[in-house]
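The values are calculated or read from the model by the stated rules, or taken from the named source; none is laboratory data. Bear in mind the structure is a predicted one, so any value in this text is a computation, not a measurement. All Cβ positions, glycine included, derive from the backbone under ideal geometry; neighbour counts span all protein chains shown.
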Amino acid sequence: MAKFFGVVIDEKRLAAIKGTPLEEKVEPIFGGALKRLVIEVPDDLAQKTIDQFTKARFDARGFIEETPAAFKRLVFKKIVELKSMGPEVIEKALAELDSIKDEIAKESQELPIPDIDISDILELQKNPVQKPA
Amino acid sequence: MPEVRIKTLPPPHGGKLVERVVRDPQMARKLMEKCSAVYDIKPTLFKGNPVRNVYREIMSVCYGFFSPVEGSMTKAELESVLERRRLLSGWVFPYPILFDISEEDFKKLGVGAGDWLLLRLKGEPFAILEIEEVYEIVPGDVAVRVFGTPEKNPEVVKVPFDQKHTGYNIYCSLNPIILAGKYTIINEPKFRPPFDRFWYPPKRAREEFEKRGWTTVIAHQTRNVPHTGHEALMKQAAYIGDIKPCDGIVVNAIVGAKRIGDFPDEAIVEGHEMIHLAGYIKPERHLVTFTLWDMRYGNPIESLIHAVIRQNMGISFHMFGRDHAALGEYYDIYATQILWSKGIPSFGFDGPPYEVDGGFYIRPQNIAEFWYCPKCLEFAYSDNCNHKGIYSRYSGSFIRGLINEGVMPPPQIYRPEVYKVVVKWWQKFGYPFNNEKYLKEREERLEIDLPHMELPAHLKK
């Protein structure tokens, strides 16, 4: 059974494929809260992809997950370059893996912390219902 | 007429709660006098990374989570557990509980059957092991027998276990010498925040349930920060109850060494707490707790240790979902539900674990799955919603992938307050998930601190 590789499409990525046939392939998920493109990946190529990354795995939906964000960016770049949603996109991305090795290594050590205000939850935690024993 | 109301909490597994914690310092000193050697507890390493610390098992034994187990298993007990998932007393128990040391350490200690060994943790006396038997194991063989094989357990095991499975690696990485005997904690540890407010060992959990007037309680097993699918599962599974839905929903997180890429335990327990702090479930009905255990990811086998733990805590029902406590595709995704609906004979269960001799009072609530359906406009249960092709299935890996890419999960997936808890610990540790740095530092710091306690003179040499 084939596996799948999903690429989340944010506004920036959507702009990059605007007006191309790829745009029609964007599908909404979670009621439209997110958008994605899905590549169908043959089993052997899917396994080859998993084998490249220590954390990568197939999830219960049959998706290749927990690949580095740098790899997902590279896959999207290849989608745009090749104007394709075929497995060759993954093949090309894997062939260029060396070009993102440093990014991948850095990503396993640090990820930019989101700039969001968390003061409301710190306030809620000031007086927790459950107290230390 | 059969009794409809559930008026009492279930009895402990094995009939009596184990509690082997000495709180009187004088008694502790007397017990230490009887020890002939001191051993500093070391983590179990796989390829240099900590995958287990036996201290967590000692805690779970001595505080009664694993009742009726009282210590490291003898050879006969180990064989019984591996062969039929039963203790020698006949009570169901799924996993070997073992105190393992290297041959080199064993020679240095010079101890044998009949000796008492003082176990030191973070440089302080922690517990005593009354050595009853010393024997050898072949760790790889134990690992294979723990999890099963496609040949021996064809009902649920799909492929042989290998080094991509964390639980398998734990057993493969054990030292070959086993010291069997009872544990006693003699220096009660103090939990570090945030774990301190979630520490409800069985005795305290039962007291808390009674204080709250709960007689029907359902357990939610977790190793994850809760997404809205988990929340829907908790709320809807809790309708089981008796003449009304369950009085209480208890989240019991498994805290210990985890795989790289999982969320830190701090974010997991606080993420669940946020469900009641932010009002999504009333705090009067929701209790967040944890058990110290280095997850073996054993799906049906793990579900049995969950049943042991939660029944000992006084919990009446247990939610079991798809891929329960699983990792990879080694087991059938519904292996736990097969066990808890008809049994798995090759693992020693001709019927479900609540129907076999030595089994459980706790009852399963086998749940298929929840997904987000844009037509139902809700977190729909898979046995209800028939809107094929438009619903979105939850996936923890997918959500972690979003976070990894810097995308804030939408409220359809994560409550915003829960996501902010993830960010809080991300700020603290510099990373949202377990990485090698976190796991190593965590293993040095552990979840506890130990008060200073003087060693007896004869052990200072």
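Looking only at residues that are assigned to a helix (DSSP H, G or I), closer than 18 Å to residue B:403 by Cβ and touching a helix residue (DSSP H, G or I) at 6+ places or on another chain (Cβ under 6 Å) in region A:45-74, which one is farthest from the other protein chains (Cβ to nearest Cβ)?
Selected residue: A:70.
Sort out which residues of region B:107-152 are of a type in the set (A, V, I, L, M, F, W, C), surrounded by fewer than 19 Cβ atoms within 10 Å (Cβ to Cβ) and either at positive phi or free of Cβ contacts under 8 Å to residues at least 40 places away in the same chain (or both), and write them in order of number.
Matches in region B:107-152: B:113, B:138, B:144.
Would you point out which residue out of A:92, A:126, A:101 is among the basic types (Lys, Arg), exposed (fewer than 14 other Cβ atoms within 10 Å of the Cβ) and at pLDDT 95 or above?
Step by step, each of A:92, A:126, A:101 is checked, and only A:126 is among the basic types (Lys, Arg), exposed (fewer than 14 other Cβ atoms within 10 Å of the Cβ) and at pLDDT 95 or above.
Within region A:28-59, restricting attention to residues that are free of Cβ contacts under 8 Å to residues at least 12 places away in the same chain, exposed (fewer than 15 other Cβ atoms within 10 Å of the Cβ) and not polar (S, T, N, Q), which residue is nearest to residue A:72 (Cα to Cα)?
A:51
Report, ordered by the first and then the second residue, all pairs with beta carbons closer than 8 Å, sequence separation of six or more or different chains, a first member in region A:107-131 that is facing another protein chain (nearest Cβ under 7 Å) and under 25 Å from residue B:406 (Cα atoms), and a second member that is of a type in the set (Lys, Arg) and in a loop (DSSP other than H, G, I, E, B).
Pairs that qualify, where the first residue is facing another protein chain (nearest Cβ under 7 Å) and under 25 Å from residue B:406 (Cα atoms) and the partner is of a type in the set (Lys, Arg) and in a loop (DSSP other than H, G, I, E, B): there are none.
Pick out the one residue from B:303, B:341 that is under 15 Å from residue B:221 (Cβ atoms) and among the hydroxyl-bearing types (Ser, Thr, Tyr).
When all the criteria are applied, what remains is B:303.
For region B:245-261, which positions are surrounded by fewer than 23 Cβ atoms within 10 Å (Cβ to Cβ) and at pLDDT below 95?
B:259, B:260, B:261
Determine if region A:23-44 includes at least one residue that is under 17 Å from the mean Cα position of the chain (by Cα), more than 10 Å from every other protein chain (Cβ to nearest Cβ) and among the small types (Gly, Ala, Ser).
No; the residues of region A:23-44 include none that is under 17 Å from the mean Cα position of the chain (by Cα), more than 10 Å from every other protein chain (Cβ to nearest Cβ) and among the small types (Gly, Ala, Ser).
List the residue pairs whose Cβ atoms are under 6 Å apart, where the first residue sits in region B:75-86 and is surrounded by 19 or more Cβ atoms within 10 Å (Cβ to Cβ), the second is at pLDDT 95 or above and basic (Lys, Arg), and the two are 6 or more positions apart or on different chains.
From residues that are surrounded by 19 or more Cβ atoms within 10 Å (Cβ to Cβ), the pairs are B:80/B:86.
Which condition from (1) modelled with pLDDT of 95 or more; (2) among the aliphatic types (A, V, I, L, M); (3) closer than 29 Å to residue A:126 by Cα is the one that residue B:238 breaks?
Condition not satisfied by residue B:238: (1).
Name the pairs whose Cβ atoms lie under 9 Å apart, with the first residue in region A:1-19 and touching a residue at least 40 places away in the same chain (Cβ under 8 Å), the second assigned to a loop (DSSP other than H, G, I, E, B) and of a type in the set (Ser, Thr, Tyr), and 6 or more positions between them or separate chains?
Once the first residue is touching a residue at least 40 places away in the same chain (Cβ under 8 Å) and sits in region A:1-19, its partners that are assigned to a loop (DSSP other than H, G, I, E, B) and of a type in the set (Ser, Thr, Tyr) give A:5/A:67.
State yes or no: is residue B:102 surrounded by fewer than 14 Cβ atoms within 10 Å (Cβ to Cβ) and touching a residue at least 12 places away in the same chain (Cβ under 8 Å)?
yes
Within region B:278-302, can you find the residues that are surrounded by 24 or more Cβ atoms within 10 Å (Cβ to Cβ), of a type outside the set (D, E, K, R) and part of a helix (DSSP H, G or I)?
B:300, B:301
If you take the residues of region B:447-458 that are surrounded by fewer than 20 Cβ atoms within 10 Å (Cβ to Cβ) and closer than 22 Å to residue B:290 by Cβ, which of them is nearest to the chain's Cα centre (by Cα)?
B:449
Could we say that residue A:80 is of a type outside the set (Asp, Glu) and either within 24 Å of residue B:371 (Cα to Cα) or under 12 Å from the mean Cα position of the chain (by Cα) (or both) here?
Here the answer is no, as residue A:80 does not meet what is asked.
Mind checking which residues of region B:234-277 are assigned to a helix (DSSP H, G or I) and either among the aromatic types (Phe, Trp, Tyr) or in contact with a strand residue (DSSP E or B) (Cβ under 6 Å, 6 or more places away or on another chain) (or both)?
Scanning region B:234-277 gives B:234, B:237, B:265, B:268, B:269, B:272, B:273, B:276.
What's the total number of residues in region B:372-428 that are touching a Pro at 6+ places or on another chain (Cβ under 9 Å), part of a strand (DSSP E or B) and more than 7 Å from every other protein chain (Cβ to nearest Cβ)?
0
Please go through region B:355-387 and pick out each residue that is buried (at least 17 other Cβ atoms within 10 Å of the Cβ) and of a type in the set (Ser, Thr, Tyr).
If the condition is that a residue be buried (at least 17 other Cβ atoms within 10 Å of the Cβ) and of a type in the set (Ser, Thr, Tyr), then B:372, B:381 are the ones that fit.
Do you know which residues across region A:1-22 are within 10 Å of another protein chain (Cβ to nearest Cβ) and charged (D, E, K, R)?
Result: A:10, single match.
Quick one: residue B:431 ticks every box in (1) surrounded by 16 or more Cβ atoms within 10 Å (Cβ to Cβ); (2) closer than 26 Å to residue A:53 by Cβ; (3) within 22 Å of the chain's Cα centre (by Cα); (4) not polar (S, T, N, Q) bar one, so which box is it?
The failed condition is (3).
Which one of these is surrounded by fewer than 20 Cβ atoms within 10 Å (Cβ to Cβ) and β-branched (Val, Ile, Thr): B:390, B:403, B:413, B:399?
Within the list B:390, B:403, B:413, B:399, the selection yields B:390.
Can you tell me which of (1) away from every other protein chain (no Cβ under 14 Å); (2) hydrophobic (A, V, I, L, M, F, W, C); (3) crowded, with 22+ Cβ neighbours inside 10 Å is the one residue B:177 doesn't meet?
The failed condition is (3).
Of the conditions (1) more than 9 Å from chain B (Cβ to nearest Cβ); (2) under 30 Å from residue B:190 (Cα atoms); (3) in contact with a Lys or Arg (Cβ under 9 Å, 6 or more places away or on another chain), residue A:85 clears all except one; give me its number.
Among (1) more than 9 Å from chain B (Cβ to nearest Cβ); (2) under 30 Å from residue B:190 (Cα atoms); (3) in contact with a Lys or Arg (Cβ under 9 Å, 6 or more places away or on another chain), the lone unmet condition for residue A:85 is (2).
Give me the residue from region B:180-210 that is more than 14 Å from chain A (Cβ to nearest Cβ) and hydrophobic (A, V, I, L, M, F, W, C) and, out of that set, nearest to residue B:6 (Cα to Cα).
B:185
Which of (1) touching a strand residue (DSSP E or B) at 6+ places or on another chain (Cβ under 8 Å); (2) surrounded by 22 or more Cβ atoms within 10 Å (Cβ to Cβ); (3) aromatic (Phe, Trp, Tyr) does residue B:419 not meet, given it meets every other one?
(1)
Filter region B:303-339 down to the residues that are touching a residue at least 40 places away in the same chain (Cβ under 8 Å) and in a loop (DSSP other than H, G, I, E, B) and list them by number.
B:314, B:315, B:316, B:321, B:322, B:324, B:325, B:327, B:328, B:329, B:330, B:332
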